[in-house]
Amino acid sequence: MDFSRLSALAAGHVESRILQVAVSLKLFDLLDNAQRTTASMAAALRTDPRATELLLNALVAMELLDKRGEEFALTSVAAQYLITASPQYYGSMVLFDGSLWSSWSGLQEAVRSGNPVRPADMYQGDSKETERFILAMDSLVKARGDAAVVAGMLDLTGVKEMLDVGPGPATYVIELCKKYPLLHATLFDLPETMKFTRRFVEASGLVGRIRLVTGDYRTDTIPGSYGLIFLSNIIHSEGVEENRALLKKLYGCLGNRGRIVIKDHILDGSHTQPCAGAIFALLMLLTTRLGQCYSADEVKAWLESAGLPSVEEFPLPSPMTSSLIIATKS
């Protein structure tokens, strides 16, 4: 750590806010396959010309735009990730992060009280919040390539039925069903989320192979027997006892030699590395009742307690910041 790094940490919110505002304005879309002047951009965005130029210059400094004379153009990164028509569009995640601005402003309050600063409802209380959250999860996975990587690491040969607990936009299941034509999947998620999950499943053309079941995994019975049960970014939303109870419940849904696959931020024994997971744990403090990130040993202990003695961890490649933990029923 040196002063430059310290000062970057202190002002890190500034660059993120500039990016969030640019995405919210759909500024990058205006430069798709085009170069524009400040006046042209301000007219299209209906913004103040002087303020627009300041914003555009900042985006150039951040290497998201190029400036050629008096005209602005996209950099390759912006063209790949910040244009809404791109299959790797990351903007929905940027907008979701922007929506968390008020939650992060309450961090001191949360540290003092130990309580979340917004309703711990998994974004179920407001349909617009739900949609923003689900679009963000799909955007993140597609931009980073998580689903393709996970599908490449999991061998589902011979698996006929899988369960995805809390699938959100169903990005992983859709990828796996496309790779394995004989695979059928059951998705289990909360009612408000499932309204948006259905859209993604219908758009995939896999309606006949993907079944949607509405429920709360904390309290409701999960039907069926499965060769593989997948949980992506679920355990970090729950406390220790809730996770232990959930994995025990899911064990009862596993067929012979079935597997539970957990994809999540997995920390080392000190709970300080990887950095992304240690920081993400604070977001769980802000937005959930008892959520945080856990170590591989903690997750392994829960799985072993549920009856799954064979447990392995597989760190995912960069730029992903999480791991797979795979437990097999004997």
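The values are calculated or read from the model by the stated rules, or taken from the named source; none is laboratory data. What you are looking at is a predicted structure, and each value in this text was computed from that prediction instead of being measured. Note: ideal-geometry Cβ built from the backbone for every residue, glycine included; neighbour counts use all protein chains shown.
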Do the conditions hold for Gly307, that is, is it touching a helix residue (DSSP H, G or I) at 6+ places or on another chain (Cβ under 7 Å), surrounded by fewer than 18 Cβ atoms within 10 Å (Cβ to Cβ) and in the same structural domain as Met153 (by TED's automatic domain parsing)?
yes
Selection within region 273-304 - without any contact (Cβ under 8 Å) to a residue 12 or more places away in the chain and either in a loop (DSSP other than H, G, I, E, B) or crowded, with 20+ Cβ neighbours inside 10 Å (or both)
Gln273
Which of the following residues is more than 30 Å from Val141 (Cα to Cα) and out of contact with any Pro (no Cβ under 9 Å at 6 or more places or on another chain): Gly91, Gly98, Gly12, Gly69?
Gly69
Of all residues making up region 97-133, the number that are in a helix (DSSP H, G or I), among the polar types (S, T, N, Q) and either in contact with a Leu (Cβ under 6 Å, 6 or more places away or on another chain) or surrounded by 14 or more Cβ atoms within 10 Å (Cβ to Cβ) (or both)
3
If you check Gly269, Gly255, which single one turns out to be in a loop (DSSP other than H, G, I, E, B) and either crowded, with 18+ Cβ neighbours inside 10 Å or not basic (Lys, Arg) (or both)?
Gly269
Restricting region 210-252 to residues that are touching a residue at least 40 places away in the same chain (Cβ under 8 Å) and assigned to a loop (DSSP other than H, G, I, E, B), the residue that is surrounded by the fewest Cβ atoms within 10 Å (Cβ to Cβ)
Ser225
